[in-house]
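The values are calculated or read from the model by the stated rules, or taken from the named source; none is laboratory data. The structure presented is a predicted model; accordingly, all values stated were derived computationally and were not measured. In this analysis, Cβ positions are derived from the backbone assuming ideal geometry, glycine residues included, and neighbour counts consider all displayed protein chains. Note: areas computed on protein heavy atoms with side chains; ligands, DNA, RNA excluded. Shrake-Rupley method; radii C 1.70, N 1.55, O 1.52, S 1.80 Å.
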Amino acid sequence: MIHIRNASEADFPIIQEIAQKTWPKTFSAILSPGQISYMLDIMYSTDSLKNQTIHNGHRFLLAYLQDSSRSDVCIGYASYQLNYSGEKRTKIHKIYILPKHQGEGAGVALINRIEEIAVSVGDNHVFLNVNKSNPAINFYEKIGFGIIKEEKIPIGNRFFMDDYVMQKSI
Ligand SMILES: CC(C)(COP(=O)(O)OP(=O)(O)OC[C@H]1O[C@@H](n2cnc3c(N)ncnc32)[C@H](O)[C@@H]1OP(=O)(O)O)[C@@H](O)C(=O)NCCC(=O)NCCS
């Protein structure tokens, strides 16, 4: 059974731990080790997470799975921003599930929760950026997202994110 709860600053260590365990597997075939560690640092340092949540309106959710001994284990997280740029759409900034728990329904449970919250504040779309080579594109298509454009974003240190923007009506 998967359940979802809101994360707070006290949960930053578990978010950082899951990112460290999930990013290398996700991106080793797509990005250089240097770019992976640079991006982990700029996106997941405690200062960066504080800045995202306190100043930029990002909210984090955690996904839990009940294991065989009936204790809850955190297996993934997502972050989102309602009313992005003052528009009626919600941006999903991050969604990562531990490699050994992918395919167990946590990803779709996190997106469903974000969509419910987005609808409750009057947003009518959810959207996100995904690397053009990330197989997660197939997951997003399966759950109703479509590609709306391409974006090449410089992120410093001569690194780029080479992304599709995908969007879904809610
Ligand atoms: C992409 C990701 C968030 C999906 O979450 P998940 O928990 O693994 O997916 P779910 O179990 O909720 O899958 C829901 C459905 O999508 C399908 N699916 C999941 N990943 C898929 C993929 N890469 N390709 C095709 N289908 C996929 C599942 O088979 C499932 O289908 P079903 O309902 O017919 O069984 C997760 O696999 C992940 O963390 N990947 C690595 C990190 C990443 O790339 N994050 C996105 C960055 S933009």
**Message:** Restricting to DSSP H runs of at least four residues, report the calculated mean residue ellipticity at 222 nm for the chain, -39500 (n - 2.57) per run over all residues, nearest 500 deg cm²/dmol.
**Reply:** -10000 deg cm²/dmol
**Asked** Which residue, chosen from Y164, G86, Q102, occupies the Cα position most advanced towards the positive end of the dipole of the chain, where the dipole is computed from +1 (Lys, Arg) and -1 (Asp, Glu) charges on Cβ about the Cα centre?
**Response** Y164
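With charges only on Cβ, +1 for K and R and -1 for D and E, what is the dipole size of the range 60-101 about its Cα centre, in debye, rounded to 20? Spell out each step's value before the answer.
Working: 6 positive and 3 negative charges, 35 e Å.
Value, rounded to 20: 160 debye.
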**Asked** Which FRET efficiency, nearest 0.05, do I137 and S169 yield, Cβ-Cβ r, R0 25 Å?
**Response** 0.90
**Item:** Whole-percent carbon and sulfur share, accessible surface of the range 2-123, 1.4 Å
**Value:** 48 percent
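Roughly how big is the range 1-123's charge dipole about its Cα centre, with Cβ charges of +1 (Lys, Arg) and -1 (Asp, Glu), in debye to the nearest 20? Spell out each step's value before the answer.
Details: 12 positive and 12 negative charges, 31 e Å.
I would put it at about 160 debye.
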**Request:** Sort out for me the Cα centre separation of the range 83-111 from the range 2-64, rounded to whole Å.
**Result:** 12 Å
**Asked** So which trypsin sites (Lys or Arg not before Pro) in the range 64-116 end up in coil per DSSP with only 12 or fewer other C-beta atoms within 10 Å?
**Response** R70
**Request:** Along Cα→Cβ, 7 Å out, is where each label goes; now give me the distance between the ones at D67 and V108 in nm to one decimal.
**Result:** 2.5 nm
**Two-site label geometry, D41 and E9: point separation in nm, points 7 Å out along Cα→Cβ** = 2.4 nm
**Message:** Looking at the chain only, what percent of DSSP beta bridges run antiparallel? Nearest 5 please.
**Reply:** 90 percent
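Does the range 2-123 come out rounded, prolate or oblate by the C-alpha gyration tensor, with a ≥ b ≥ c the root eigenvalues, rounded set by a/c under 1.5 and, if not, prolate when a/b is larger than b/c and oblate if not?
In terms of gyration-tensor shape, oblate.
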**Under 11 Å, Cβ to Cβ, from Q167 - net charge with Lys/Arg +1 and Asp/Glu -1** = +4
